[in-house]
Structure formats: structure tokens, C-alpha cells
Amino acid sequence: MEIRTERLLLRRPARHDLDAFFEIMSDPSAMRYWSTLPHLDREVTRAWLERMLARLASGGQHFAIELDGRLIGEVGAGRLPDFGLIIHPAFWGRGIATEAAQAAIKHIFAVTEAAELKADVDPRNGGSLKTLHKLGFVETGRAERTFLLGEEWCDSVYLRLKRDAQTK
């Protein structure tokens with residue numbers, strides 16, 4: 001399964017993506033607002049990747065994001081309706097997250113019966129919030145101290161995109 005956009009290739013992740021995913025998942029900037037701390041070694045990333053592959057096998061909708069043949073992120077809804085994405089920091093600010101997410105969302109709504117997608121974002125993550133709002137996600141609530149990462153409590157902004165509100 002592949003989806004091509006103007007600049008990107010979205011494809012199913014595979015075990016051979018371990019090193020590229022580790023590069024992203026071990027980067028403190030990339031992981032600043034993720035739900036786990038940066039991965040300290042490849043075994044942590046391997047376990048994360050294996051869980052992703054298991055969710056794919058049971059109907060999850062994950063996509064590796066490639067730009068010019070290089071894996072630079074991941075987007076999808078492995079556990080519907082929960083939607084998320086991560087992009088290597090070297091590629092931030094180029095509209096890649098929006099481009100990848102639009103294609104993934106269109107595919108997810110086309111091949112699943114999901115009535116909506118949901119996202120949980122740290123309110124300090126302005127880039128992700130801006131991207132999700134561009135995609136049509138609307139805020140449905142907020143909560144404090146939802147994740148303890150190391151010794152830091154993080155808050156959550158909850159967002160939703162209804163099937164009939166998706167961007168074209």
C-alpha cells in the first residue's frame with residue numbers, strides 16, 4: 001500500500017525502517033511533545049516498531065513518510081480513532097506534516113468506518129496544533145497533568161476531526 005502526494009511517499013512501515021525511526025525517536029527535539037521520552041537505544045525503537053506492525057496487522061493505519069527516498073516520519077491511526085504523526089526536526093516548517101496528514105486522513109476515512117479521528121496534543125506544541133487546525137480538527141477539551149515524562153508533567157489538548165468535516 002502506497003500513497004503518493006506532490007512531494008511524499010506514504011507507505012507501510014517495515015522492520016528495515018528501524019535505523020531511520022531510531023534517528024527520529026532518539027532526537028530530543030522530535031520527542032519533546034511525544035508521549036514517551038526519547039529512545040535511548042535501538043531496542044526501545046524496535047519494540048515501538050513491532051507494536052506498530054502488530055497494529056497494522058489488525059487493521060491499524062500507519063504510514064512511514066518518505067521524502068526523496070528518505071524516511072522522515074510517521075503518520076496515521078494505529079488505534080482508531082487516535083491519530084498522530086511525528087516528523088524529523090530537520091524537515092519541520094516545510095508543510096510536510098500537513099501534506100502527509102491530509103493524504104493519510106483521506107485514506108483512513110476511505111478504508112475504515114471511523115466516524116472521526118482524535119488527537120491528544122501537548123498545548124505547548126504549537127506546530128502540531130497549527131497543523132491539526134489546518135486539517136479541520138477542532139478542540140474538544142483540555143486536561144492538566146495527563147503525561148508524566150521523566151520528571152515533567154505534561155498537559156493535553158484534545159481535538160477531533162469528524163468524517164464529514166475532513167479537508168479535501
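The values are calculated or read from the model by the stated rules, or taken from the named source; none is laboratory data. Remember, predicted model here, so these are calculated numbers, not experimental data. Don't worry about glycine lacking a Cβ; one is built from the backbone with ideal geometry, like all the others, and counts go over all protein chains shown.
Based on this model, can you work out whether residue 85 counts as within 21 Å of residue 136 (Cα to Cα), among the aliphatic types (A, V, I, L, M) and free of Cβ contacts under 8 Å to residues at least 60 places away in the same chain?
Judged against the criteria, residue 85 is a match.
May I ask you to list the residues in segment 37-70 that are assigned to a loop (DSSP other than H, G, I, E, B) and either closer than 25 Å to residue 155 by Cβ or among the aliphatic types (A, V, I, L, M) (or both)?
Selection gives 37, 38, 39, 40.
Take segment 18-36 and flag every residue that is more than 27 Å from residue 129 (Cβ to Cβ) and either assigned to a loop (DSSP other than H, G, I, E, B) or of a type in the set (D, E, K, R) (or both).
If the condition is that a residue be more than 27 Å from residue 129 (Cβ to Cβ) and either assigned to a loop (DSSP other than H, G, I, E, B) or of a type in the set (D, E, K, R) (or both), then 19 is the only one that fits.
Taking only pairs six or more apart or across chains, which ones have beta-carbon atoms under 7 Å, a first residue in segment 47-72 that is over 15 Å from residue 85 (Cα atoms), and a second residue that is modelled with pLDDT under 95 and surrounded by fewer than 19 Cβ atoms within 10 Å (Cβ to Cβ)?
Close Cβ pairs satisfying both conditions: 55/79.
Take the conditions of a type outside the set (A, V, I, L, M, F, W, C), crowded, with 18+ Cβ neighbours inside 10 Å and assigned to a strand (DSSP E or B) and apply them to residue 99. Does it pass?
No.
Taking the options 49, 37, 80, 10, name whichever one is surrounded by fewer than 18 Cβ atoms within 10 Å (Cβ to Cβ), among the aliphatic types (A, V, I, L, M) and under 16 Å from the mean Cα position of the chain (by Cα).
Sole residue among the options that is surrounded by fewer than 18 Cβ atoms within 10 Å (Cβ to Cβ), among the aliphatic types (A, V, I, L, M) and under 16 Å from the mean Cα position of the chain (by Cα): 37.
Which ones in segment 144-154 are surrounded by 12 or more Cβ atoms within 10 Å (Cβ to Cβ) and either modelled with pLDDT of 95 or more or among the hydroxyl-bearing types (Ser, Thr, Tyr) (or both)? Working first, answer last.
Pass one, segment 144-154, residues surrounded by 12 or more Cβ atoms within 10 Å (Cβ to Cβ): 146-147, 149, 154.
Across segment 144-154, the qualifying residue is only 146.
Filter segment 1-31 for residues that are charged (D, E, K, R) and out of contact with any Lys or Arg (no Cβ under 8 Å at 6 or more places or on another chain) and give the result.
The answer is 4, 6, 7, 11, 12, 15, 17, 23, 27.
Quick one: which strands (runs of 3 or more DSSP E) lie wholly within segment 109-164 and hold at least 1 residues that are β-branched (Val, Ile, Thr) and farther than 20 Å from residue 78 by Cα?
138-149
In segment 26-65, what residues are charged (D, E, K, R) and farther than 28 Å from residue 123 by Cβ?
41, 42, 43, 46, 50
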